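K.L.:
One structure, pasted below without further comment.
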Amino acid sequence: MEPTRGRDLWEQIAGWAAALADDEDLDPKTAALYGHATRRFATWLHTRRRGAAAADVTVDDARAYREALLACGLAPGTINRSLTALRLFFDRVVPGSGEATPNPFRAVPLVPRR
């Protein structure tokens, strides 16, 4: 993979997080948490597939990330917030997401509350 593809993901996240911060209908804390969740995913993805772009993310990646969050012992609410942030991110950033190329995080169920 090209070395710039990973940076493209980080640039997409930065742009999306900035748009969230400017959204007057979204609580600033929520915007910050969503930005953090997408950056945490990008860091995780980088350890698995260095240089992967958002468009390269598969349903298997999304499922594995959910499992990784569960293995960390995070609360269901924290995991679900991360998955929700990633659903929104991929809906907005990946061309064709929701059409010909499904959003990989839409195929991953939220974690039941304890």
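K.L.:
Tell me the mean residue ellipticity at 222 nm calculated for the chain from its helices only (DSSP H runs of n ≥ 4, each -39500 (n - 2.57), averaged over every residue, nearest 500). Write out the running numbers ahead of the final one.
P.N.:
Values: 4 runs with 71 residues, N = 114.
Roughly -21000 deg cm²/dmol at 222 nm, from the helical runs in the chain.
K.L.:
If you don't mind, there's one more thing I want to ask. Jot down the radius of gyration and Dmax of the chain, Cα atoms only, both in angstrom.
P.N.:
Spelled out, the Cα radius of gyration and Dmax of the chain are 13.5, 42 Å.
K.L.:
Determine, for Leu26, Leu69, the number of other Cβ atoms within 10 Å of each Cβ, and report the residues in order from fewest to most. All intermediate terms of the calculation are to be shown ahead of the outcome.
P.N.:
Working: Leu26 14, Leu69 22.
The most exposed by this proxy come first: Leu26, Leu69.
K.L.:
What are the DSSP H helices in the chain that stretch 15 Å or more along their long axis, judged by alpha-carbon atoms, and whose average Kyte-Doolittle hydropathy comes to at least -0.5?
P.N.:
Working: long enough: 4-22 (27 Å, -0.27); 28-48 (31 Å, -0.63); 59-71 (18 Å, -0.14); 76-93 (25 Å, 0.16).
Membrane-span-like by this rule: 4-22, 59-71, 76-93.
K.L.:
Under unit Cβ charges (Lys, Arg +1; Asp, Glu -1), what dipole magnitude, rounded to 20 debye, does segment 4-107 have relative to its Cα centre?
P.N.:
Values: 14 positive and 13 negative charges, 108 e Å.
Approximately 520 debye in magnitude.
Each reported figure results from applying straightforward, stated rules to the coordinates on display, with no laboratory input. Treat the numbers as computed from the prediction; the structure is a model and nothing was measured. When we count neighbours, we look across all protein chains shown, and the Cβ atoms used for this are built from the backbone with ideal geometry, even at glycine.
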